[in-house]
Amino acid sequence: MSTSANTGGDSTSPIIADGAKLELIANNFAFTEGPAVDKAGNIFFTDQPNDKIWKYDVNGKLSVFLDRTGRSNGLYFDKKGNIIACADNQNELWSIDPSGKVTVIMSDYKGQKLNGPNDLWIDAHGGIYFTDPYYQRDYWTRKKPEIEGQKVYYLKKGSKEPVIVAADIVKPNGIVGAPDGKSIFVADIDGGKIYKYTIDKDGALSNQQFFANSRADGITLDNQGNLYCCGNGVTVFNSKGEKIAHIDVPAKWTANVCIGGKDNDELFLTASEGVYKVKLKVKGVEK
């Protein structure tokens with residue numbers, strides 16, 4: 001099955017490759033999330049309700065990478081090739097090595113259970129920025145959060161204790177840093193805005209700036225500085241915060257997105273029960 005994106009199929013799109021159409025890879029999942037790309041361009045993503053991490057390799061093979069993933073949501077690869085996962089079942093951060101061995105790298109904040117780490121980005125120092133919105137899960141025993149407010153945290157490399165770096169957002173969700181490590185974007189899904197922060201030398205965030213209006217879930221950047229915002233399909237903003245494209249996705253909700261593939265020029269989308277891809281004119285920055 002292939003469905004044309006309303007920005008694709010012709011040379012007028014600033015991002016979609018000429019003649020490219022959105023392709024359905026598979027739609028046999030409960031709810032897909034958290035796509036991440038490894039150094040080879042392979043894509044890993046979660047089927048959170050079914051508690052699995054899947055792998056879609058550069059040759060088009062789809063396979064289960066890990067069962068019993070702690071209800072993983074957002075994923076990101078560190079420099080050693082480990083998957084860092086937002087393990088939503090116990091509100092932890094996990095490191096999963098290439099063989100599937102799990103190490104819990106963070107389990108709480110000052111003795112309190114986190115709301116539910118959702119999405120993350122790793123800086124050049126190995127520090128982890130993650131968002132912590134509260135979404136009540138049917139597999140939790142608790143019915144309310146232990147921590148007041150929904151914030152963005154930073155976990156320094158080697159530390160077990162995260163620090164709050166942004167508390168001025170209604171409900172933080174998607175997060176991605178610029179390749180130069182100087183700034184970071186955070187999606188406030190309930191506030192309907194994307195914010196850009198300056199990353200200070202100590203990892204703290206400062207200078208909050210409004211970037212664009214978008215009720216975004218997951219977000220990612222390309223090598224031209226364009227920001228891809230998921231939700232009702234994918235809305236793309238240039239580096240100035242101007243809308244330059246929209247990709248229609250035939251799904252109830254597009255949760256997250258990343259760029260990978262053999263040539264680092266395929267947009268990979270997790271959308272409700274399905275996963276999709278489309279060829280781009282631009283390249284990714286996370287490989």
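For K80, a cut-off of 19 angstrom between C-alpha atoms picks up these aspartates and glutamates, skipping any fewer than 8 places away in its own chain: D38, D57, D97, D123, E286.
Among the listed pairs K52/K151; K79/K279; K79/K101; K240/K281, those with a Cα-Cα distance over 22 Å are K52/K151; K79/K279. Each Lys or Arg adds one and each Asp or Glu subtracts one; over the other residues with Cβ under 13 Å from the Cβ of D47, this totals -1.
Computed over the alpha-carbon atoms, segment 92-202 gives an Rg to Rh ratio of 0.96, Rh here being the Kirkwood radius from the mean inverse distance.
Between K252 and T103, the contour length at 0.36 nm per residue exceeds the alpha carbon distance by 50.2 nm.
Over the C-alpha trace of segment 214-287, radius of gyration and Dmax come out as 11.3, 33 angstrom. Of all accessible surface on the chain at a 1.4 Å probe, what whole percent is carbon and sulfur? Of the solvent-accessible surface of the chain, carbon and sulfur hold 46 percent. Per the Cα gyration tensor, the chain maps to an equivalent ellipsoid with semi-axes of 27, 22, 18 Å, ordered largest to smallest. Restricting the trypsin sites (Lys or Arg not before Pro) of segment 89-171 to loop positions (DSSP other than H, G, I, E, B) with no more than 15 neighbouring Cβ atoms within 10 Å leaves K101, K110, R137, R142, K143, K157, K160. Per residue, segment 218-277 exposes 32 Å² of solvent-accessible protein surface, assessed with a 1.4 angstrom probe and all protein chains in place. Grouping the Cα pair distances of segment 138-210 into 10 Å bins from zero gives a pair-distance distribution of 18, 46, 28, 8, 0 percent in increasing distance order. The length gained by stretching the chain between R142 and N50 to full extension, at 0.36 nm per residue less their Cα-Cα distance, is 31.1 nm. Distance between the 7 Å Cα→Cβ label points at Q112 and D57: 4.5 nm.
Of the GluC sites (Glu not before Pro) found in segment 184-287, those that fall in a DSSP loop while having at most 13 other beta-carbon atoms within 10 Å are E242.
One Cα centroid belongs to segment 18-43, the other to segment 211-258; the line between them spans 15 Å.
Charged side chains reduced to their Cβ positions (Lys and Arg at +1, Asp and Glu at -1) give the chain a dipole of some 280 debye around its Cα centre. Each other residue within a Cβ distance under 11 Å of A178 adds +1 if Lys or Arg and -1 if Asp or Glu, for a net charge of 0.
Modelled spin labels at Q90 and K287, positioned 7 Å past Cα toward Cβ, are 3.6 nm from each other.
When the trypsin sites (Lys or Arg not before Pro) in segment 195-261 are filtered for DSSP coil states and for at most 15 other beta-carbon atoms within 10 Å of their beta-carbon, the remaining sites are K201, K240, K252.
If Lys and Arg each add +1 and Asp and Glu each add -1, what is the summed charge of the other residues whose beta carbon sits under 14 Å from the beta carbon of D67? Can you show the working numbers first?
Values: positive: K52, K55, R68, R71, K101; negative: D47, D51.
Local charge sum for D67: +3.
The values are calculated or read from the model by the stated rules, or taken from the named source; none is laboratory data. These numbers were taken from a predicted model, which means no experiment stands behind them. As a convention, Cβ positions derive from the backbone with ideal geometry for all residues, glycine included, and neighbour counts pool all protein chains shown. Note: areas computed on protein heavy atoms with side chains; ligands, DNA, RNA excluded. Shrake-Rupley method; radii C 1.70, N 1.55, O 1.52, S 1.80 Å.
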